Structure formats: C-alpha cells, structure tokens
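Worksheet: one structure, shown below.
Please treat every number below as a calculation from the coordinates, not as lab data. Keep in mind that what you see is a predicted model, and the values were worked out from it rather than measured. FYI the Cβ positions are ideal-geometry reconstructions off the backbone, even for glycines, and counts take in every protein chain you see.
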Protein chains: 2
Amino acid sequence: MTETLKEYLKHYDATEYPSVLVTVDTVLLTYHEDAIKVLLVKRASHPDIDHWGLPGGFLDQSKDKSLEDAANRNIEAKTNIRPPYLEQIQTVGSGNRDPRGWSMSVIFSALVPIAACKANVDSVEEARWFDMDEARKLKLAFDHKQAIEAAFERHKQKALYSFIPVYALTQPMTLTELRRVHELLIGKTIQRKSFIRRAEASDMFTDTGKTTQDKGRPAALYKVKSAVKDYRFVRNIEA
Amino acid sequence: MTETLKEYLKHYDATEYPSVLVTVDTVLLTYHEDAIKVLLVKRASHPDIDHWGLPGGFLDQSKDKSLEDAANRNIEAKTNIRPPYLEQIQTVGSGNRDPRGWSMSVIFSALVPIAACKANVDSVEEARWFDMDEARKLKLAFDHKQAIEAAFERHKQKALYSFIPVYALTQPMTLTELRRVHELLIGKTIQRKSFIRRAEASDMFTDTGKTTQDKGRPAALYKVKSAVKDYRFVRNIEA
C-alpha cells in the first residue's frame, strides 16, 4: 500500500541530511557626490574577521518568510529603511567559499537614496559607503567582490533600457542628476537632449514646480510617479 | 584575547542551526516539430507524488562542488547529456513551498538539442517532453509553473538581443529553423531578410556546404562556431 503524505512527513527528518549554510547578502548602491557608492560592513566575527563585506547574514527561518524578507531584514538592520528597489542578482554556492562548510549566498541588490538612510549608516560604526572605485581596490570578505561586480553589471544593463537607476537618487531630483547616475553606471556620457526626450516620453516623472536653489542656473526638480518599475525604453541607450 | 579562525572553527557546529532544504531544479527547453518543448518528470515520491515537475533534486554536498554541478548532475541523470547552454534563472525560497520545511530551490534553465538526448529521455519512463502550451495547462509540483514561466521569459529576452536560442536546435540547422525558435520565444513573426542580415553580421555560423534533403527547396545547413555566447545584436529585435 502506498504511503500517504502525512505518513511520509511523520518519519521525514530534515536533520538527517547534511546542512548547507544559507546566507542572504545585499549589494546596496546609492548616488552621492557624483559617484555610485556601495555600502560595506566591517565583519566583527570569523571568518574573514575585520574585512569589509556586504551587509547580510544567515537566513532565519523563524523570522524570514521568504528570501526577500531575509534581505530586507538585514538591510533594515544597517540602514533603518526598506529600499524602494530590491532585486535578486544570483545565488553562489560551493564547498570552498566558507571554511565552515558547504555554503551558499543569495545575492540581492538594492538602490537607495542616501538621504533616507544617512543618519543610520553614520551611527553604525562598522558600516560605510565606499565609492565603487575604492571598493574595487579592497580585499573583501568571501566572494563579495564578484557579487558587487555582478550587481553593478545588472544595474548597468537596466540603465540602458529603463529609468530604474532613479531609485538611487534622493527625491526631488533634477534630470541632470538622473542622467549622471545613468552615465556612471553605463560608463560613458549620454547626450542631454536625447535623455530629456526619453524622460518626457516615459511619463514617469512629475515636475514639482520647484527648482534647485544652489549655485548656477535653477533646474527643475522632479519626483517619480508611482508604479514605474516596468517601463522600458522603446530603444536602448547605445552602450 | 581574540580567538583565531582555527579556534573558532573548532567549536563551530553547523548542525546547531535549523537546516534548510536546498534543491536545484532545471527548466530544460528544446525545439522540436515547430514547438518549444519543456522536459518534465513525473514525481515518484512525496510531496506532490505523481505530479509532473522539473528534473532536479537535493544538493549533494559529497558530489556537487557548485550549484552548476548539482544542476548538471541532475540533467545528466535524465538526458545523459551535458547541456551546451546552462544559465541560472532565480532562487525561490519560503517556509511554505514544501511541507517538509523551509525550502529553497535554485532554478536553472538549459537549452538542449532534442536529438542528443532523445533516446535517453524516451527510455526514462517518467520523463517526457511537453509542448509549452500543454505544460502550461498541467498542475505541476511545487512552484515549478512559475519557474518555467520565469525561464521562458528570460529566453524570450535573450531571443530579442542574441542568438542564444540556437542551443535549442540540433545542428546542422537552417536559418529558417533558427528564426522559428526566435519567433516561438518572442511570440511574433520576424522578418526573414532582417533575420538573415543579423545572422550574417554576427559571424556566428559556418555554412557546412550541405543542404536539406527533404521536401521543398534545399536550404543551406549551418553550424555554430565556437565561443558565441556573448554576442549581442547592435539593435534589439522589436518585441
């Protein structure tokens, strides 16, 4: 006679199988002072103690209903905000990336406006925003360097066909700032007029009626309308 | 005094932490008889016994050095081939997708030529190629339906900007067959001439000098040159 699911579950014991270390780590990016910055955290414990690495940690089955929950929980612990844009990048796993055992990490990436989380990041002693250029020179924990590059590459691709990078900006923002974020991600300059045409065609931004008050010619300040995540350019920016 | 890594590892015990079920599942796609087909396997054990689902299984720490290894091992068990194209799609995880406990699955997708694995698939009683249309109507195990849709969407996007779909074809193949795979993935017809221009511009295919022998006008047979995975169209096919 065939066993029922109930009978099967009664004698199923997950602890009989060798456990895998499961962590969730997030590449948090923002735009500040004409640079793309990445949030790094100095590790306070083994392995790779005292190395900078990505904010993240072990999946907590009692707290996390999903992998996104685990990512958000770890981000909130360092920044005190829930990021407006969070995306899964890839999962890495191998028998030799962590000396504690077979380990896997689900890598997420989030874009956040620096203003929303600045106070909190500044108060966490071991967290700091690094320019991408600086971060690339550090010896990071585990394989976090590759994770950052994979996330950056994903955002670069998105910058070619969408305005997703706007989530790295503090709103309201100017279209010049937005173009600058795209330029930094893509790695080349973008024609101003064509960028403005794309912004207008997208109908994603509302003119707040206000302008910048600092030095130079006043520039119009925009805000993102809601529900813009799926907008795709009719034609990609040429990389 | 600070503890060394060696001391830390001595008393680190992974089994103290609740274990997560880690599986690797693959959406295997091929092209056959003017349709995109997906390989499904009838589950022989609980949970979701007797339902069709993706070929895959638990990560085996003693056999798998990486997640890709785990995917390839499970694919080879059903098809007896190593797929020419394998890509990670996404990782799903939650406390309620599997009655045995908190479970995650790393979803891969592979493109394979049907000829290479036909005999083996035919001999495995519980494995079968389904037309995408048929598969969409089945009640599949776990959340495998969403996994198939996510993989199909990824291949659709790739079909817009690359010739990656060629890996679903048995070589040598005609450019008409290749165009047909692109059309089926994208969901609309593609202009013949413009497609041939893209194929020529890519320099990805070698004319074998042979032609088709079946009914109708003979068509040139092509093979893929090596190292073509990274080629991107200058301009996307318009979806």
Longest exposed-site-free window of chain A, the sites being GluC sites (Glu not before Pro) in a DSSP loop that have at most 13 other C-beta atoms within 10 Å
A:127-237
Residue among A:Ala127, A:Ala201, A:Ala116 with the largest mean-square fluctuation in a Gaussian network model of chain A, springs linking Cα atoms under 10 Å
A:Ala201
For the protein assembly as shown, what is the Kirkwood estimate of the hydrodynamic radius, computed as the reciprocal of the mean inverse distance between distinct Cα atoms, to one decimal in Å?
24.9
Using modelled backbone amide H atoms (1.01 Å from N, in-plane), which distant-in-sequence or interchain residues come within less than 5 Å of A:Phe233's amide H?
A:Ser162
On Cα atoms only, tilt of B:144-161 relative to the major axis of chain B in degrees:
40
The stretch B:1-101: radius of gyration and largest Cα-Cα distance (Dmax), Å:
18.2, 70
By DSSP, what percent of the beta bridges with both residues in chain B are antiparallel, rounded to the nearest 5?
75
Which of B:Leu175, A:Leu111 has the fewest other C-beta atoms within 10 Å, and how do the rest follow up to the most?
B:Leu175, A:Leu111
Take the residue pairs A:Lys65/A:Lys156; B:Lys139/B:Lys193; A:Lys188/B:Lys188; A:Lys156/B:Lys145; B:Lys63/B:Lys188 and return only those whose Cα atoms are more than 32 Å apart.
B:Lys139/B:Lys193; A:Lys188/B:Lys188; B:Lys63/B:Lys188
Based on the inverse mean of 1/r over its pairs of different Cα atoms, what is the Kirkwood hydrodynamic radius of the stretch B:105-170, in Å?
13.5
Relative contact order [Cα under 8 Å, 6+ residues apart], chain A, whole percent
19
Descending semi-axes in Å of the stretch A:103-216, equivalent ellipsoid built from Cα gyration tensor
29, 19, 13
Helix-only mean residue ellipticity at 222 nm for the protein assembly as shown, each DSSP H run of n ≥ 4 adding -39500 (n - 2.57), per residue, nearest 500:
-9500 deg cm²/dmol
Using 1/(1 + (r/R0)^6) with R0 = 56 angstrom and r between the beta carbons of A:Val234 and A:Leu9, what's the FRET efficiency to the nearest 0.05?
0.60
Which of these, B:Pro113, B:Pro18, B:Pro218, has the largest mean-square fluctuation under a Gaussian network model of chain B (Cα springs below 10 Å)?
B:Pro18
Could you please rank A:His182, A:His46, placing first whichever residue has the fewest other Cβ atoms within 10 Å of its Cβ?
A:His46, A:His182
Over all directions, the average projected area of the alpha-carbon convex hull for chain A comes to how many nm²?
17.7
Would the stretch B:158-234 count as rounded, prolate or oblate if I go by the C-alpha gyration tensor, calling it rounded below 1.5 in a/c and otherwise prolate when a/b exceeds b/c, oblate otherwise?
oblate
So for the stretch B:20-143: antiparallel DSSP bridges make up what percent, rounded to the nearest 5?
70
Once the Cα gyration tensor of the stretch A:55-94 is diagonalised, semi-axes √(5λ) in Å
17, 13, 10
Here the percent of antiparallel bridges among DSSP beta bridges lying wholly in the protein assembly as shown, to the nearest 5, is 75
at B:Ile196 the sorted inter-copy label distances (label 7 Å from Cα on Cβ side), in nanometres, are 4.5
How far is A:Leu5 from the same spot in each other copy, in nm, shortest first, if each label point sits 7 Å from Cα toward Cβ?
4.5
Could you work out how far helix B:67-79 tilts from the main Cα principal axis of chain B, as a 0 to 90 degree angle to the nearest 10?
60
Grab the beta carbon distance between A:Ala119 and B:Lys42, set R0 = 51 Å, and tell me the FRET efficiency rounded to 0.05.
0.35
Give me B:Asp98, B:Asp50, A:Asp25 ranked fewest to most by other Cβ atoms within 10 Å of their Cβ, as a rough exposure proxy.
B:Asp50, B:Asp98, A:Asp25
Chain B, Gaussian network, Cα under 10 Å: of B:Thr189, B:Thr206, B:Thr15, the residue fluctuating most is B:Thr15
